[in-house]
Amino acid sequence: SLKRGDISQCSFGFIPTSLLGMVDASIGGKNGIDVGVYKNMVGVIRQPKFILHDMVFLNSLPQNEWENGFAEIIKHACIRDKDMFKELEKSTFKTYQKRQTSICKLVQRNAVIKSKVVQEDEFEKGERRLLNFGHTLGHALENQYDLSHGQAVAIGMVYACRISEKLTGFKDTERVIEVIKKYNLPTDISFDKQKVFDVMKMDKKRERKEMNYILLNKIGKGIVKSIPVKELEKIIGEL
């Protein structure tokens, strides 16, 4: 029996029932909740004892939940796996929805990518920050504009690519946009940039007068770039 104060010793596991959960949310030990429009602001990093993927759950997913999951799959390909990105370019939803072996291999590939990043940097001091590709702007959009997580991240990835063009010389934004569109995700919406930027400035990725923004050098090679908040505001305002 547990006594008061012993809750940190309670073992638990995850059985994700969505594609998003399988490739992203269940992996890494982040357990957080939103505070108003601010994403994942309260919580802990506590690793589960196990994660069980039962692929039968995917058979009951509505189409929009497949799309949600593919936003994170595209993210992983952009930051760490150029060959998976090429596979996504050649494939379609039907490839993965009709062939169980294909989706099983894709889920496993993504789980390995995220697991390796987390093992290298459990508490997000360096490499784990790469997993925030598309999420800085995406989180600021998600709760303000009634978007799903996948939709918000997809738009955030496009903006991150545009910022990468200016700061790293990234040349493949159109390829990223085409893959996002292929999996029925949005690439832009009309939004109040100042309002969204004000939320971004409260993001946990901000350090004093700079923001740790995830950009791309090339497809498969994400980087963490520290950008002065004033410079980032100017760049986003011009996009």
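Numbers at a glance
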{"quantity": "Count of the stretch 168-185 residues which are touching a Phe, Trp or Tyr at 6+ places or on another chain (Cβ under 8 Å) and buried (at least 18 other Cβ atoms within 10 Å of the Cβ)", "calculated": "3"}
{"quantity": "Which numbered condition Ile27 fails, given (1) outside any helix (DSSP H, G or I); (2) within 23 Å of Pro186 (Cβ to Cβ)", "calculated": "(2)"}
{"quantity": "Verdict on Lys209 being more than 14 Å from the chain's Cα centre (by Cα), open to solvent by 10 Å² or more (accessible area, probe 1.4 Å), closer than 26 Å to Lys90 by Cα and not small (Gly, Ala, Ser)", "calculated": "no"}
{"quantity": "Any hit, the stretch 105-114, residues being farther than 15 Å from Lys218 by Cα, open to solvent by 60 Å² or more (accessible area, probe 1.4 Å) and more than 16 Å from the chain's Cα centre (by Cα)", "calculated": "yes"}
{"quantity": "Tabulated pairs, the stretch 14-28, first in contact (Cβ under 8 Å) with a residue 24 or more places away in the chain, second of a type in the set (Lys, Arg) and open to solvent by 10 Å² or more (accessible area, probe 1.4 Å), C-beta under 9 angstrom, 6+ apart or interchain", "calculated": "Val23/Arg109; Val23/Lys114; Asp24/Lys114; Ile27/Lys114; Gly28/Lys114"}
{"quantity": "Residues being open to solvent by less than 80 Å² (accessible area, probe 1.4 Å) and in contact with a strand residue (DSSP E or B) (Cβ under 8 Å, 6 or more places away or on another chain) - total across the stretch 50-86", "calculated": "3"}
{"quantity": "Wholly enclosed helices (runs of 4 or more DSSP H) of the stretch 76-143 bearing at least 1 residues closer than 30 Å to Leu232 by Cβ", "calculated": "82-90, 100-120, 135-142"}
{"quantity": "Filter pass, Ile155 being in a helix (DSSP H, G or I), within 16 Å of the chain's Cα centre (by Cα) and either at negative phi or of a type in the set (A, V, I, L, M, F, W, C) (or both)", "calculated": "yes"}
{"quantity": "Residue check, Phe85 closer than 19 Å to Arg175 by Cβ and touching a Cys at 6+ places or on another chain (Cβ under 8 Å)", "calculated": "yes"}
{"quantity": "Qualifying positions in the stretch 92-109 - at pLDDT 95 or above and either β-branched (Val, Ile, Thr) or more than 19 Å from Asn59 (Cα to Cα) (or both)", "calculated": "Ile103, Val107, Arg109"}
{"quantity": "Residue ID - modelled with the lowest pLDDT, chosen from residues in the stretch 1-45 that are surrounded by 12 or more Cβ atoms within 10 Å (Cβ to Cβ) and charged (D, E, K, R)", "calculated": "Lys39"}
{"quantity": "Flag for Lys195 being open to solvent by 10 Å² or more (accessible area, probe 1.4 Å), closer than 27 Å to Lys94 by Cβ and assigned to a helix (DSSP H, G or I)", "calculated": "no"}
{"quantity": "Flag if Ser148 is in contact with a Gly (Cβ under 9 Å, 6 or more places away or on another chain), open to solvent by 10 Å² or more (accessible area, probe 1.4 Å) and among the hydroxyl-bearing types (Ser, Thr, Tyr)", "calculated": "no"}
{"quantity": "Condition check for Glu89: within 30 Å of Val56 (Cα to Cα), modelled with pLDDT of 95 or more, open to solvent by 40 Å² or more (accessible area, probe 1.4 Å) and not aliphatic (A, V, I, L, M)", "calculated": "yes"}
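The values are calculated or read from the model by the stated rules, or taken from the named source; none is laboratory data. Note that this is a predicted model, so its numbers are computed, not measured. All Cβ positions, even for glycine, are placed from backbone atoms using ideal geometry, and neighbour counts span all protein chains on display. The accessibility values were calculated without ligands, DNA or RNA, using every heavy atom of the protein model including side chains. Shrake-Rupley method; radii C 1.70, N 1.55, O 1.52, S 1.80 Å.
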